[in-house]
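The values are calculated or read from the model by the stated rules, or taken from the named source; none is laboratory data. All figures in this text were calculated on a predicted structure; none of them were measured in a lab. Here the Cβ positions follow ideal geometry from the backbone for every residue, glycine too, while neighbour counts run over all protein chains shown.
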Amino acid sequence: MLSVINPEVRNNPMRVWRSFINGSKSGATLLIAIAAIGILVGSLDTTGLGLKLANVIASVRGDSLFSALAVAMVGALILGMGMPTLPAYLIIILVMGPAIQALGISMLTAHMFVFYYGVASSLTPPVAIAAYAAAPIAGSNPLMTAFMSFRLGMAKFIIPFIFAFYPTILIVEEFHLLPFLWILARTLFCIWLFSSALSAFDRGRLTWAEVVLRFLAAFILLALDPLYHLPALALGVVLILWDWRRGQAKGPELEGSK
């Protein structure tokens, strides 16, 4: 009823009717996905696949939560390949959710973990459905577009691990302002280092040594122990300042050559 406040709706009342039609189409799509998920849930209950998968992850885990989450990440990416976001998320959480929660991860974190990888599966080769949809628009090779999108978006794969090891970043659970701001700053700096290392370029082209050091600093920056992430933070700052000073030095040289 409040839509009549909008003058564009008053001038074209059919917009309200079209919105009802579009909502019905979206609802029908959702109902189809829910029906398919119901069949999947029955199959999982019958075969016990969810429990078997949890046992596999537990056997691979050993004493390392990171290795177990890495296995869960691969499983989530495989299950989500070639599917729209909503069905991919529903299927992945049904299959992988109990296995991830068995690692001691909370329900909200498990849902966010698999949701991120359900979305990331759309740009993960060899399926990369989003890249294959974008390739005809760009007039490029679909497979090369998939690999380039994967390369540019690879920093996205780090975020769910941050959810698992630092739940405070989700704001809902165990929220404390100072730890939240600290891990948020480290995450942003990690993405900067990681993305620049992937492209081998920041203010200018990076050497192979700088690329390797940026990768190391980015990964170690997210370590739980301050004895590791503080030196990694210092190394990252040094690398950024080095690149900045090199760019400043090249500026006058370029102006002199002109």
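Can you run down the residue pairs with Cβ atoms below 7 Å, 6 or more apart or on separate chains, where the first is in segment 119-145 and surrounded by 13 or more Cβ atoms within 10 Å (Cβ to Cβ) and the partner is among the acidic types (D, E)? Close Cβ pairs (under 7 Å, with a partner that is among the acidic types (D, E)) do not exist here.
Within segment 175-198, is there a residue that is touching a Gly at 6+ places or on another chain (Cβ under 7 Å) and modelled with pLDDT of 85 or more? I'd like the intermediate steps shown before the answer.
Of all residues in segment 175-198, those touching a Gly at 6+ places or on another chain (Cβ under 7 Å) come to 189, 193.
Still in the list and also modelled with pLDDT of 85 or more: 189, 193.
Looking through segment 175-198, at least one residue is touching a Gly at 6+ places or on another chain (Cβ under 7 Å) and modelled with pLDDT of 85 or more.
Filter segment 95-118 down to the residues that are in contact (Cβ under 8 Å) with a residue 24 or more places away in the chain, surrounded by fewer than 19 Cβ atoms within 10 Å (Cβ to Cβ) and of a type outside the set (G, A, S) and list them by number. Within segment 95-118, P98, L103, L108 meet the criteria.
Of the numbered criteria (1) of a type in the set (D, E); (2) farther than 30 Å from A110 by Cβ; (3) in contact with a Pro (Cβ under 8 Å, 6 or more places away or on another chain), the one E174 fails is (2).
In segment 80-91, what residues are in a helix (DSSP H, G or I) and either modelled with pLDDT under 75 or more than 15 Å from the chain's Cα centre (by Cα) (or both)? Step through it out loud before you land on a result.
From segment 80-91, those in a helix (DSSP H, G or I) are 80, 85-91; that's our starting set.
Within segment 80-91, T85, L86, P87, A88, L90, I91 qualify.
Listed by position, the helices (runs of 4 or more DSSP H) inside segment 149-247 whose residues that are surrounded by 15 or more Cβ atoms within 10 Å (Cβ to Cβ) and not hydrophobic (A, V, I, L, M, F, W, C) number at least 3 are 177-199. Evaluated against (1) loosely packed, with under 10 Cβ neighbours inside 10 Å; (2) modelled with pLDDT under 70, T46 falls short on exactly one condition, (2).
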